[in-house]
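This report refers to the structure that appears directly beneath it.
The values are calculated or read from the model by the stated rules, or taken from the named source; none is laboratory data. Being a predicted model, the structure only gives us computed values, none of them experimental. Please note: Cβ atoms are built from the backbone with ideal geometry, for glycine as well, and neighbour counts cover all protein chains shown. We work out accessible area using only protein heavy atoms, side chains counted, and drop any ligands, DNA or RNA first. Shrake-Rupley method; radii C 1.70, N 1.55, O 1.52, S 1.80 Å.
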Amino acid sequence: MTVVATVGNVLVWAVWVLAAFACLGSGVAVVSFSNPFYSALALIGNLGSLAVLYLLLSSEFVAAAQVLVYAGAVMVMFLFVIAYVDPRLESPWAGGPGWQAIGAVLAAAALLVEIIVVIGLNADGSLAHSHDVGGTFGSPGYIGRLFLTDHLLAFEITSIVLLVAAIGGVILGSHSRRSEEGVAPL
Amino acid sequence: MLLRRNPLIVLLSLEIMLNGANLALIAFARHLDNGDGQIFALAVMAVAASEVVVGLGLIVALNRKRVPLDVDRLSSLRG
């Protein structure tokens, strides 16, 4: 029994390390590829490894939503638009580091140090042991019950935000087509 | 996100930032055995999807007007 548990733990650790490094590597790849098409493909890998991390954190529903919404819908739209606009290539590190690049890297490093210090000061060793979660934690039923009881307002506001975004997308698309045909824009 | 001039890459980097926040939310939801973090992560996901819709709509509209896709040269808001 204990051997099985140990093997399971080692497996979980291996998957966790693999997913975490895949996540970091593909994130760096997204910002350093010169071709936006490759960047979008790397972002799909990033989202997939994040979904694996969510599964390890026993959030099955969020992982499924991540794969369906992000890797499915959003990234397909991204790839369509990238193929449509046919963007020019851009080499991100050409011409040596400018002041903006140095500033961005410094700001990111400062944020990282700040986050580590704040978490380290506040956690005070309590990060070592986490709560045991029940088997229903993160299941669709659990999420649905929370959405329809405690977080009903957030649920409804989310639906309105999505509706407004859909209307905005339609208006942005039709507006440019009309002005292209010589008709006065809205 | 600050380094790139292509608005498509800026949008992709924005997705990475939102996903980092999502990962932190879910990790602490798991750590504290509290479902609110997952709810918030799902809300962030919905907001990110709407932001991508509007951002990609803007990029397509700019491309139709033959505006160069470079955030440094997009300094005018007149249509």
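Miscellaneous remarks
- Per this entry, A:SER179 is counted among residues that are farther than 29 Å from A:SER32 by Cα, of a type outside the set (A, V, I, L, M, F, W, C), modelled with pLDDT under 70 and part of a helix (DSSP H, G or I).
- Residues of region A:16-49 that are open to solvent by less than 40 Å² (accessible area, probe 1.4 Å), among the aliphatic types (A, V, I, L, M) and either over 29 Å from A:ASP86 (Cβ atoms) or in a loop (DSSP other than H, G, I, E, B) (or both): A:ALA19, A:ALA20.
- Selection of region A:29-50 for residues being more than 10 Å from every other protein chain (Cβ to nearest Cβ) and of a type in the set (A, V, I, L, M) yields A:ALA29, A:LEU41, A:ILE44.
- Per the conditions (1) within 20 Å of A:ALA73 (Cβ to Cβ); (2) crowded, with 17+ Cβ neighbours inside 10 Å, the sole criterion not satisfied by B:VAL47 is (2).
- Applying the criterion of being more than 7 Å from every other protein chain (Cβ to nearest Cβ) and buried (at least 16 other Cβ atoms within 10 Å of the Cβ) to the residues of region B:50-68, the residue that is farthest from A:ILE160 (Cα to Cα) is B:LEU62.
- Among the residues making up region A:60-72, those that are open to solvent by less than 60 Å² (accessible area, probe 1.4 Å) and farther than 14 Å from A:GLY45 by Cβ are A:VAL62, A:ALA63, A:ALA64, A:ALA65, A:VAL69, A:GLY72.
- Residue-level check: of (1) within 18 Å of A:ALA104 (Cβ to Cβ); (2) of a type in the set (Val, Ile, Thr); (3) facing chain A (nearest Cβ under 7 Å); (4) touching a residue at least 40 places away in the same chain (Cβ under 8 Å), B:ILE16 misses just (4).
- Residue that is nearest to the chain's Cα centre (by Cα) [pool: residues in region B:23-36 that are surrounded by fewer than 21 Cβ atoms within 10 Å (Cβ to Cβ) and either at the interface with chain A (Cβ under 7 Å from one of its Cβ atoms) or in a helix (DSSP H, G or I) (or both)]: B:LEU23
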